[in-house]
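The structure under discussion appears below in the form of structure tokens.
The values are calculated or read from the model by the stated rules, or taken from the named source; none is laboratory data. Computed from a predicted model, the values in this text were never measured in an experiment. Neighbour counts are summed over all protein chains in view; Cβ atoms, including those assigned to glycine, are modelled from backbone coordinates with ideal geometry. Accessible surface is based on the protein model in full, side chains and every heavy atom, while ligands, DNA and RNA are left aside. Shrake-Rupley method; radii C 1.70, N 1.55, O 1.52, S 1.80 Å.
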Amino acid sequence: MNHVYSDQNHARNIFDLIAIALVVSILTAIHYTNYHYEMNYHILLQFAYYLPVIYAAMRFGPAGGILSGLLITLLILPFITHFHAMNPSAVYTQWVEIGLINVIGWLTGFLTEQERKASRKYRLALTVQKELVEKLKQESQERQRLEGEIRQTERLTALGHMSAGLAHEIRNPLGIMKVSIQLLAQEKVDDGVVSEYCRVLQEECERLNRLVNEFLSFARPKEPVRRRITLGTILDEGVTLIQPALRQHHIELKQVRNQLDEKEVEVDPDQMKQVILNILINAIDAQGEGGVIQLERVSQAGFVGFSVSDEGSGISPDDLPYIYDPFFTTKETGTGLGLSVVHRILDQHGGKIVTTNRGERGVRVEIQLPCV
């Protein structure tokens, strides 16, 4: 683009130089070919030299004004010195005109150059101002993001302590209930009604136990045991674990592979599998039956990771700010801890998560981890 603009500017400069030289040549030729005319005619004609001089000064600055003025002086000098019909006052007038042509050429070029410098300074100041405004905007957004993460961490810490105490108090009586139901089922094995009730109670106890385990996992997160592993390896392991759920819901997982697969991250592999599984399970739940979920490798300055895009109905803009809050869920059977656990794991790893609605439909979740 710059090369094309440079060629166009060069062509215009050549055209302008030819036009200026042509106008000066025509005016000079008129002077010399109409030698027999009266002096007043030549004095008036000499005023026309101001036009090419002023234009040359405006196009090429002081150099253009000075050089065009000198060129006109050299061309008209023989005419002034050899036109014997001129009286002394006419000669003085001619010399004054020549001097004015040169002065105006220089002055116009000087003022044009000053205007160009002022224009460049203004454009530079405008560019700096725009960059400063953009930088302040980015800093404001980053500050808001950090403040949001701090509030999120504070909420997670407070709710984590509460969940730990609550889960501990529930677990003991839950264990007693489970054992009691099993003993009752063994004693009433011949009673179909009682056996059915016991089966339902055992299933509900198991569901409640899973919920308690999720609370404890959320409330007492393990310290990550980090090791270096390639991004492609950890993603392939996570995808392998989710394949049964994909087949059950007849969903195709489309992976977009690239050179980022070879990038290394220093993470706890088990915790990162949990992150991958939680994100993919959310995408499957949002997708329902059939369709395509897309898994891409992504990167930005100092970070590498992946994104998951589904074709579901998306997230309400009113709900979007709260999706990482513990116990917040829009699912009928959800606990609201999945994304909270993901957020906490990523926070421990120095990573980040960004969830946005896609243009037409669905949600895109992007996970970023620090490069090593």
Taking the stated definitions as given, is Gly350 at pLDDT below 80, small (Gly, Ala, Ser) and open to solvent by 30 Å² or more (accessible area, probe 1.4 Å)? no
Looking at the structure I just gave you, is Val256 surrounded by fewer than 17 Cβ atoms within 10 Å (Cβ to Cβ) and either at pLDDT below 85 or not hydroxyl-bearing (Ser, Thr, Tyr) (or both)? yes
Is it fair to say Gly288 is at pLDDT below 90, of a type outside the set (Phe, Trp, Tyr) and within 16 Å of Ile367 (Cα to Cα)? no
Restricting the search to region 301-324, which residues are surrounded by fewer than 18 Cβ atoms within 10 Å (Cβ to Cβ) and either closer than 16 Å to Arg257 by Cα or charged (D, E, K, R) (or both)? Asp318, Asp319
Whether any residue in region 235-248 is of a type in the set (Val, Ile, Thr) and under 31 Å from the mean Cα position of the chain (by Cα) is what I want to check. yes
Wholly enclosed strands (runs of 3 or more DSSP E) of region 250-307 bearing at least 2 residues aliphatic (A, V, I, L, M), out of contact with any Asp or Glu (no Cβ under 9 Å at 6 or more places or on another chain) and touching a residue at least 12 places away in the same chain (Cβ under 8 Å): 264-267
Here are some residues: Val298, Val275, Val292, Val267. Which one is touching a Lys or Arg at 6+ places or on another chain (Cβ under 8 Å), under 27 Å from Arg151 (Cβ atoms) and among the β-branched types (Val, Ile, Thr)? Val267
